[in-house]
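Only one structure is covered here, and it is reproduced in the block below.
Please treat every number below as a calculation from the coordinates, not as lab data. Note that the coordinates shown come from a computational prediction; the quantities given were computed from them, not determined experimentally. Don't worry about glycine lacking a Cβ; one is built from the backbone with ideal geometry, like all the others, and counts go over all protein chains shown.
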Ligand SMILES: [Zn+2]
């Protein structure tokens, strides 16, 4: 983390990513950057007439993080670290003087997290909170940052080395997750490290949602996950073996996991002639479809779901359609209803094969 930052000349001003006009130029910022400008960064004239220097600073020019800027000092620092937290050493090495850094802290452009670390503009608030608590953003919070789907988790999940726990009270929103000792002391855990901690600290259901989404969203391939989970517990291996890359939502993962846990065999994303793919098929003819809000909120989806249900009934299928609320607030009744269908062996009825030519969706 103490590697020198890259200093990049700003291509033009206003900076392409600056949404607001620059306030008047402050000479402290300009003076502080003289050293960097000598090193090759370009100075430019501010549109408003006062001269200024615009410098972007980062450690990873390949990062896709949105660049951010510091308007009040006229200093453009681009934290390309992937997490936005930099050390004092990095900042000073990039040409900022101590006085400029102090001014940036006073204007709120830079947030001091502890004695040596600072959050650049645009740093995710959860990372700021984790580092300010003396820890690393990890577990489900880090996985969400990396794009995985997780079950609702309002808390900020952090891990902390023992030496950082003393004298630092955690905010109510922060949860401390158990982690092996000796993990690197950085602001944000990567996917593999965060996954390992989530698998240790969270329920099978939480873990299944995460594993499914990592595969489904191609954050990791199955072989990459296999390697990442080597050396983890038997439980992690067992859960990984049951993960399903076809699961397209949190709700689908949860329902599948709950049914399988009850010994109900489920085929996911089963292709049904005349109907297309269904979320889950139980036996030969019981369809379980989930209405995750993200895919079923609009009128068009509502209509399409009804069309599919009608078509499924015509072909001899029973359909159980589940919403988020029914699954999380009324699961015992859902399970009782599905079990009742299975008890009367209706799920083993042979559905009709649609006549050739009826594979295209019927119009309303
Ligand atoms: Zn956790």
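A few comments on the model shown:
- Within the stretch 250-348, antiparallel bridges make up roughly 55 percent of the DSSP beta bridges whose residues both belong there.
- The order of the peptides 299-306, 200-207 by mean Cβ neighbours within 10 Å, most packed first, is 200-207, 299-306.
- Per-peptide average of other Cβ atoms within 10 Å, ordering 263-269, 244-250 highest first: 244-250, 263-269
- Taking 0.36 nm per residue of sequence separation and removing the Cα-Cα distance, the residue 309/residue 114 pair yields an extension gain of 64.5 nm.
- Gain in span if fully extended, residue 277 to residue 99, counting 0.36 nm per residue against the direct Cα distance: 57.8 nm
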